[in-house]
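Quick notes on the structure that follows.
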Amino acid sequence: MDAIDRGRHAGAVVLVTGGGSGIGLATALRFAREGAHVVACDIDETRTGALEAAFREAGADGVAMVADISTQAGVDAFVAAAVDRYGRVDVLANVAGVMDAFLPAHAVDDATWRRVMSVNIDGPMMLTRAVLPGMVERKAGAIVNVASVGGIRGGAAGAAYTASKHALVGLTRSVAWYYALDGVRCNAVCPGGVRTGIDSAPRDPAHLTGLAPIHQAGRRFAEPDEIASMISWLASVEAVNVNGAVIPTDGGWTAG
């Protein structure tokens, strides 16, 4: 784990999605340990309870709640919880994501396509739309999206996941350009393999055959906090001139 800078986000109000496990959990705890007021959500009530306990154990100011960010009602409730409690949102970390069982385009079913798109791009878009007015009014704000190497290449995942993460990269760049003069920054991190609990089992092992050359070139699996440290840095004043960046955090996987 990288060293914690306990004053890096002192007093900042931070939203984190997918906070119950993996990169989201590591991100929520890192922001809290670095002085932020954190409001994190997850769709799993068991996980939010564990996150609340982790906040208390760390002596940090954090709230965990159940919310489905693939729905407008879930987004509204999540953002309202932060605004009602703290009056604003300074940082949005869009971490929640789901995989697509590595289904190629000829095999992807409508339910998988809709689910992946609703979580991986619809949720971040609705959350971004919700927090932007306040950030623009205050002339300050940072949004960090967790994309994927699947958002910058075509052979890392199935069709739905790949399309959703490419869309998230596009949203990142659009927001960064349009709101730069309003003091709002938007960046994306693109992890490769990370040791998380995300369901990445293929529905049919044969679908991995075409992806094998890319997968075999992977350099290493990251720990969740290695990605969280980059998210924290991008959201901080240290990265004041970093905007619209799409940063591979993949141990060199896409360098070759």
message: I'm told T162 meets every condition in (1) out of contact with any helix residue (DSSP H, G or I) (no Cβ under 7 Å at 6 or more places or on another chain); (2) of a type outside the set (K, R); (3) within 21 Å of A212 (Cβ to Cβ) except one. Can you identify the failing condition by its number?
response: (1)
query: Would segment 98-106 turn up any residue that is under 21 Å from P224 (Cβ atoms) and crowded, with 24+ Cβ neighbours inside 10 Å?
result: yes
statement: Selection from segment 198-256 of residues more than 18 Å from G154 (Cα to Cα), surrounded by fewer than 12 Cβ atoms within 10 Å (Cβ to Cβ), of a type in the set (A, V, I, L, M, F, W, C) and at pLDDT below 95 yields A201
Residue in segment 102-123 that is nearest to the chain's Cα centre (by Cα), counting only those that are touching a residue at least 60 places away in the same chain (Cβ under 8 Å) and at negative phi: G123
Given (1) in a helix (DSSP H, G or I); (2) closer than 24 Å to T27 by Cβ, number of the condition L181 does not satisfy: (2)
message: Among the residues that make up segment 134-150, is at least one of them closer than 30 Å to D204 by Cα, in a helix (DSSP H, G or I), touching a residue at least 60 places away in the same chain (Cβ under 8 Å) and touching a strand residue (DSSP E or B) at 6+ places or on another chain (Cβ under 8 Å)?
response: yes
- request: Name the residue, out of A36, A50, A58, that is crowded, with 24+ Cβ neighbours inside 10 Å and of a type outside the set (V, I, T).
  value: A36
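The values are calculated or read from the model by the stated rules, or taken from the named source; none is laboratory data. The model shown is predicted, which means the values in this text are computed figures rather than measured ones. Backbone-built Cβ (ideal geometry, glycine too); neighbour counts: all protein chains shown.
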